[in-house]
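K.L.:
Before we start, here is the structure in question, set down as structure tokens.
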Amino acid sequence: MTQQEFPLNLITALRAATRVTVLTGAGVSAESGIPTFRDKQTGLWEKFGATELATPYAFERDPALVWGWYEWRRGLVLKAQPNAGHRAIATMQTHVPHFTLITQNVDDLHERAGSCDVLHLHGELSRPYCEGCRRPYSHADGILDLPAGGALRQDVATDEVREANRSHASGSPVSGECRSTNSPTGRRIPPPICTVCGAKIRPGVVWFGESLPQVQWNTASDAARHCEVFLCCGTSALVQPAASLTQMALDAGATAVQVNPNPTDLDGSVTFTIKGPSGIILPQIVAETWNIPK
Ligand code: BV8
């Protein structure tokens, strides 16, 4: 890929900055093979929008469908590797005295690329817990794991999911149906049951309609308000309140840089928009700023 020409002011601001905050979204993991929320879903999930499955209502109405979706996604992450964009962010952290990485992603690819103290605003796939006693669940744990879903069946609950989402959805109602299939891309799996209190184990993520973890949110908004450069990479900036962090940084006088191959709602407000995939752009920005050979 040819070296992109970056605005000199961008490189100068980044080089001089002692406080840099980075916000990442699903697009940063896209080059590792992890589908973004904008991507059309496939297999069993093809008729569901991600925002329809990522809700407490969907989990209550059809736990096996939702737990199966998260297990499918966890499998993708386990097979994936961090990409050059994750590594560039980890390198940046070694050059900036006060560096904060905020992610909306629930994978661990930033950590596996070497980033530390990652603020996961929307939780982590690797930290499921009991919805009753909130006891952490380890997939290697001895907690009873109900037999896997096996042959799939028409599931009345799915109609209820549709209904539940229709009454709750801010987005479109669930329009999918759970077809009996041995789909290679996912299956229904009943969630494990906590051996302490008997409640279901749930994914360790923040669903739509759930509050963000207070400490992570406070730390993230503080880092947005007190940085000289704010980089916003691989996010459609549609999910609140995470999407408000960029404007918080701009209002506090930061230089805001967006990295995304596609247009977003931030295009008109950020200081710089660099069009392109983060796995290509970020290593180039880091190399040019700190004279690191790529
Ligand atoms: C809450 C975990 C409050 C689950 C996720 C205003 C204020 C507060 C809330 C709201 C509000 N307005 C609306 C709400 C409600 C809601 C919301 O935002 N709804 C949306 C649909 C409008 N927000 C919430 O419910 C939040 N809760 O605020 O609670 C509250 C108050 C009182 C009482 C109770 C609660 C909780 C939101 C968290 C939801 N959970 N994830 C899971 O993962 O399954 S969100 C999930 O979707 C992701 O974490 C991520 O945040 C979001 C998807 O966004 P992106 O990461 O940007 O990904 P997306 O696919 O959209 O875009 C990818 C981008 O990458 C694209 O732009 C693409 O062009 C780009 N790209 C592609 N390839 C590349 C690339 N970029 C770079 N390089 C590439 N190679």
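K.L.:
Determine whether Thr246 is within 16 Å of the ligand (Cβ to nearest atom) and assigned by TED's automatic domain parsing to the domain that holds Thr12. Talk me through it step by step, then tell me what you get.
P.N.:
Working: within 16 Å of the ligand (Cβ to nearest atom): yes; assigned by TED's automatic domain parsing to the domain that holds Thr12: yes.
Answer is yes for this residue.
K.L.:
Can you find a residue that is surrounded by fewer than 20 Cβ atoms within 10 Å (Cβ to Cβ), part of a loop (DSSP other than H, G, I, E, B) and over 17 Å from the mean Cα position of the chain (by Cα) anywhere in region 50-73?
P.N.:
no
K.L.:
Taking Ser211 and the conditions (1) without any contact (Cβ under 8 Å) to a residue 12 or more places away in the chain; (2) more than 12 Å from the ligand (Cβ to nearest atom), which numbered condition does it fall short on, given that it satisfies the others?
P.N.:
Looking at each condition in turn, Ser211 falls short on (2).
K.L.:
Still on this structure, please answer the following. Quick one: in region 258-284, which of the residues that are polar (S, T, N, Q) and assigned to a loop (DSSP other than H, G, I, E, B) is farthest from the ligand (Cβ to nearest atom)?
P.N.:
The initial filter retains those residues of region 258-284 that are polar (S, T, N, Q), namely 258, 260, 262, 264, 269, 271, 273, 278, 284.
Adding the requirement that they be assigned to a loop (DSSP other than H, G, I, E, B) leaves 260, 262, 264, 269, 271.
Numbers: Asn260: 5, Asn262: 3, Thr264: 5, Ser269: 15, Thr271: 18 Å.
Among those that are polar (S, T, N, Q) and assigned to a loop (DSSP other than H, G, I, E, B), it is Thr271.
K.L.:
Next question. Hey, can you tell me all the residues within region 47-66 that are more than 12 Å from the ligand (Cβ to nearest atom) and either in contact with a Lys or Arg (Cβ under 7 Å, 6 or more places away or on another chain) or closer than 15 Å to Thr185 by Cα (or both)?
P.N.:
Across region 47-66, the qualifying residues are Lys47, Pro63, Ala64, Leu65.
K.L.:
Please determine, by comparing only the residues of region 12-46 that are aliphatic (A, V, I, L, M) and within 13 Å of the ligand (Cβ to nearest atom), which one is nearest to Ile189 (Cα to Cα).
P.N.:
So the residue we want is Ile34.
K.L.:
Are there any pairs, at least 6 apart or on different chains, whose C-beta atoms fall under 6 Å, with the first in region 105-121 and over 23 Å from Ala50 (Cβ atoms) and the second outside any helix (DSSP H, G or I), and if so, which?
P.N.:
Qualifying pairs under 6 Å: Ala113/Pro82; Ser115/Leu101.
K.L.:
Please state which one of Asn260, Asn291 is farther than 17 Å from Met92 by Cβ and either over 21 Å from the mean Cα position of the chain (by Cα) or not small (Gly, Ala, Ser) (or both). Talk me through it step by step, then tell me what you get.
P.N.:
Working: Asn291 fails: farther than 17 Å from Met92 by Cβ.
Among Asn260, Asn291, only Asn260 is farther than 17 Å from Met92 by Cβ and either over 21 Å from the mean Cα position of the chain (by Cα) or not small (Gly, Ala, Ser) (or both).
K.L.:
Pick from region 214-257 the residues that are free of Cβ contacts under 8 Å to residues at least 24 places away in the same chain and in a loop (DSSP other than H, G, I, E, B): which of them is nearest to the chain's Cα centre (by Cα)?
P.N.:
Gln240
K.L.:
Is it true that Thr195 is in contact with a Phe, Trp or Tyr (Cβ under 9 Å, 6 or more places away or on another chain) and either more than 10 Å from the ligand (Cβ to nearest atom) or of a type outside the set (S, T, N, Q) (or both)?
P.N.:
The answer is no for Thr195.
K.L.:
Another question, then. When residues of region 69-95 are filtered for being small (Gly, Ala, Ser) and within 13 Å of the ligand (Cβ to nearest atom), how many remain?
P.N.:
Kept after step one, since they are small (Gly, Ala, Ser), are these residues of region 69-95: 75, 80, 84-85, 88, 90.
The next check asks that each one be within 13 Å of the ligand (Cβ to nearest atom); those that pass are 84-85, 88.
So the count comes out to 3.
The values are calculated or read from the model by the stated rules, or taken from the named source; none is laboratory data. As the structure is a computational prediction, the values presented were derived from the model and not from experiment. Heads up, the Cβs are rebuilt from the backbone with ideal geometry, glycines too, and the neighbour counts pull from every protein chain shown.
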